[in-house]
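The values are calculated or read from the model by the stated rules, or taken from the named source; none is laboratory data. Since we're looking at a predicted model, the values are computed, not measured. Cβ: placed from backbone, ideal geometry, glycine included. Neighbour counts: every protein chain shown.
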Amino acid sequence: MTLIEDLIDVAVASGPDPRSAVDLIEPPALDPFHPPVAFTPIADTVARAQVAVSGTVTSCEVCAWAGGSTLEVTLDDPTGSLVLAFLGRRNVAGIRVGCHLMAGGRVVLHQNRRSLLNPYYWLVADRSGQS
């Protein structure tokens, strides 16, 4: 056996690198001036992943986070829900229960809930032309 054949045998025996090139590539950064065109189902979001999601607002409430006001907006899609947390805000113009929006950012776990902190967001007009 040649040295090359020995190296090939070792490479085949050890299997593929568990960190494939696909896993090492960071998704493209979100552009606040252009809405995303592909979305991650909320149920498939994981902590520390950068995602773009789309859904309907089911609740808006002001909560205290670390002594300050935070607007918590719950966004639902057919697969699940996640919290959009706007730190230091009591309201955000255009966001209300029942509106449809797209949001993007990095997922964090806060009190065992998937959340996006100060996410990018894009309001989506309904078919009647109102947002």
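When P32 is tested against (1) closer than 22 Å to R90 by Cα; (2) surrounded by 12 or more Cβ atoms within 10 Å (Cβ to Cβ); (3) at pLDDT below 95, just one condition goes unmet, and that condition is (2). Restricting attention to the stretch 45-104, the residues that are farther than 20 Å from P32 by Cβ, among the small types (G, A, S) and in a loop (DSSP other than H, G, I, E, B) total 4.
The lone criterion from (1) surrounded by 13 or more Cβ atoms within 10 Å (Cβ to Cβ); (2) modelled with pLDDT under 95 left unmet by G129 is number (1). One residue alone among G68, G105, G80 is more than 22 Å from A47 (Cα to Cα) and either touching a residue at least 40 places away in the same chain (Cβ under 8 Å) or not charged (D, E, K, R) (or both), and that residue is G68.
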